[in-house]
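Q: Can you read through this structure? Questions will come right after.
The values are calculated or read from the model by the stated rules, or taken from the named source; none is laboratory data. Fair warning: this is a prediction, and the values are worked out from it, not measured in the lab. Here the Cβ positions follow ideal geometry from the backbone for every residue, glycine too, while neighbour counts run over all protein chains shown.
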């Protein structure tokens, strides 16, 4: 983990549906000085790695509805014992860091 680019914050899980959504309290383009890149056919964002309550994960940050969101598949959230509405400690950085 690159301590200079890693960002730690506490947030609440917004969705128990796939993908899980966690709001980010910052703009990743500004924070990391890295433009969004293609993630899939019609989407752009940032591929990230980090931890949820101490459990390692890989995911993506996307912009939706004027905010930035960490999108996770079920397995990292389940491994960290998380559910919708629960607070979670997050540490993330771009995968290219």
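Q: Can you tell me which residues in segment 18-55 are part of a strand (DSSP E or B) and free of Cβ contacts under 8 Å to residues at least 12 places away in the same chain? Lay out the reasoning, then the answer.
A: Keep residues of segment 18-55 that are part of a strand (DSSP E or B), which gives 20-23, 37-40, 43-52, 55.
Hits for segment 18-55 are 37, 38, 40.
Q: Give the number of residues within segment 47-59 that are more than 19 Å from residue 10 (Cα to Cα) and touching a helix residue (DSSP H, G or I) at 6+ places or on another chain (Cβ under 8 Å). First the steps, then the outcome.
A: The initial filter retains those residues of segment 47-59 that are more than 19 Å from residue 10 (Cα to Cα), namely 47.
Within this subset, residues satisfying the condition of being touching a helix residue (DSSP H, G or I) at 6+ places or on another chain (Cβ under 8 Å) are none.
Here the count works out to 0.
Q: Does residue 25 count as exposed (fewer than 13 other Cβ atoms within 10 Å of the Cβ), at pLDDT 85 or above and in contact with a helix residue (DSSP H, G or I) (Cβ under 9 Å, 6 or more places away or on another chain)? Walk me through how you get there before you give the answer.
A: On the way: exposed (fewer than 13 other Cβ atoms within 10 Å of the Cβ): yes; at pLDDT 85 or above: yes; in contact with a helix residue (DSSP H, G or I) (Cβ under 9 Å, 6 or more places away or on another chain): no.
No: the conditions fail for residue 25.
Q: From the list 64, 47, which one is touching a strand residue (DSSP E or B) at 6+ places or on another chain (Cβ under 9 Å), at pLDDT 90 or above and loosely packed, with under 14 Cβ neighbours inside 10 Å?
A: Numbers: 64 fails: at pLDDT 90 or above.
47 is the lone residue from the list that is touching a strand residue (DSSP E or B) at 6+ places or on another chain (Cβ under 9 Å), at pLDDT 90 or above and loosely packed, with under 14 Cβ neighbours inside 10 Å.
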